[in-house]
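Here the structure comes first, spelled out in structure tokens, and everything after it is commentary.
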Amino acid sequence: MATGTGFKAEMVAKLDIPATAFMKGPDKSFIESNAELKKTYRNFTFQEKVQLDSRKWNPSKLSEAMKGLVAYELKLLAVQVAQARKGHSKDTEKQQQAEAKQSTRSMMQIVKALNLVKADLAKKEKRLADITPDRKGKRKVEPKNPKEEKAFEKETKDLPGEIKKLEKQQKAILAERDDLEDDDRKAAKQQAAVARSNALPMAMMKVFKDLYSDMEKDIENKCSVAIEELASGGDDKKAAKKGKDAMDRLKNPEKLKKLFQKPRDATDTMFTALERVLKNNSEDDPKVDTAFKTANNVMKKIRASFDKSGGEVRNAIDYLLKTSQKNDMKASAVMGDFVGEISKNKKKLTDFSNAIQKFDRRILDWDNEVSSRKIDAKAVASNLKEVKGMSSLDSDADAASKFLTALHKKFEEAEKEAKSA
């Protein structure tokens, strides 16, 4: 039923969509098979009452619009989860291969030791049998002289003790072999149990949880802003207010030029230091462990910082582009030039937004590589080359910065006109 004046009707903007909606089968199964992740990755929800024109909107149409609104975020989450899962799978496989290799090496050492003891034991047993007189006092090997006779007597006395020692040693080696085989069987069972439960290390669990919580905030903000826009009026002053909100999100456009520079330089420095240590030290050297810990801490700070700065800029650009396409903005006489400028330069803004997304994804990849320690000096060198090559992203930032500086002036003119109207 219409309420208020004209055709305005109260409706409920509601969103209730699975976080896994756009994930591929293996990634969706991965989330759902882990009890903790399944609990974390609950549906994204939003609900807010809004007054809308009943000629243009109905509950069903509004519900579909809400789903479409967050499609990009859900697709992005699907990509991020796929990348993180792939990294985790490689880490697990590498660890299992290393453990199997170590077990094989240990078993080979045991077998070698066992064969040596067996050979020595057989040799001594044969020697004892050869020089021990039988019931008739004869030996298989007779002494050639009195001196050798004495030596035989001594050997006959000493060899039983030596044989006992070797038998004891053989028994200990066999026990060690049995223990190793038991450990291998237990490890295999444990790996199977872990695979069935889809258990995750604490650090990797945090990666997946952070992906969800970050996206949950983005979706909440996006839905809130969208409903506010939808409910607003269409006169010049309201259009100017909406334009100001969009421009306020992109204050100080000059600073955008250096959006990539600081995290890129920090990543370059981190990889340079890590490469130097990996090149000059063995894998089990304590320096390597310290270098990875330092690199991990640095990478986490870089990621957190760019998640905030890059995410704010991308959301602001997205908001600006969408705001400029609203009917009340297009219908506003004083906002016409402002909206026209955005439409003409849309590519500069989208290129900049895509560059931020590209850089953000690589930061996530590098963070996962460093935290999982799945890179060697060669891989670090390759990453360094890529980091340096990403200076090309600065051109997108520079173009967007120059345009937004000019756009701020264009908006100030339009806002002034709207206030005097």
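Only the coordinates and a few stated rules stand behind these numbers; no lab work does. Predicted model only: the values in this text are computed from it and were never measured. Backbone-built Cβ (ideal geometry, glycine too); neighbour counts: all protein chains shown.
Here are a few things to note about the model shown:
- Per residue, the chain reaches -27000 deg cm²/dmol at 222 nm when only DSSP H runs of four or more residues are counted, each adding -39500 (n - 2.57).
- Given their separation in residues at 0.36 nm each and the Cα-Cα distance between them, Gln325 and Ser343 gain 5.6 nm when the chain is fully extended.
- When only Cα pairs below 8 angstrom with a gap of at least 6 residues are kept, the chain shows a relative contact order of 18 percent.
- Taking the Kirkwood radius as Rh and the Cα radius of gyration as Rg, the range 272-396 has a ratio of Rg/Rh equal to 1.20.
- With 22 Å as the limit, the listed pairs Lys348/Lys410; Lys86/Lys222; Lys222/Lys255; Lys206/Lys258; Lys56/Lys416 have Lys86/Lys222; Lys222/Lys255; Lys206/Lys258; Lys56/Lys416 beyond it between alpha carbons.
- Whole-Å distance, taken between Cα centres, linking the range 250-310 and the range 33-59: 37
- Derived value for the range 120-188: Kirkwood hydrodynamic radius 14.4 Å. Basis is the mean of 1/r over every pair of different alpha-carbon atoms.
- Lys150 versus Ala35: modelled label distance in nm, points set 7 Å from Cα along the beta carbon direction: 7.8
- Our summary gives the range 118-181 a relative contact order of 36 percent, counting only alpha carbon pairs under 8 angstrom and 6 or more residues apart.
- At 1.567 mPa s and 4 °C, Stokes D of the range 354-421 from Kirkwood alpha-carbon radius, µm² per second: 85
- Only lysines eight or more places from Lys165 in sequence, or on another chain, were considered; those with a Cα closer than 20 Å are Lys112, Lys118, Lys123, Lys124, Lys126, Lys154, Lys157.
- Directionally averaged projected area (the chain, Cα convex hull): 31.3 nm².
- Pairs beyond 21 Å (Cα-Cα), from Lys67/Lys241; Lys241/Lys409; Lys308/Lys358: Lys67/Lys241
- In nm, spacing of pseudo-spin labels at Ala71 and Lys136 (7 Å Cα→C-beta vector): 10.4
- In nm, spacing of pseudo-spin labels at Glu48 and Asp182 (7 Å Cα→C-beta vector): 6.4
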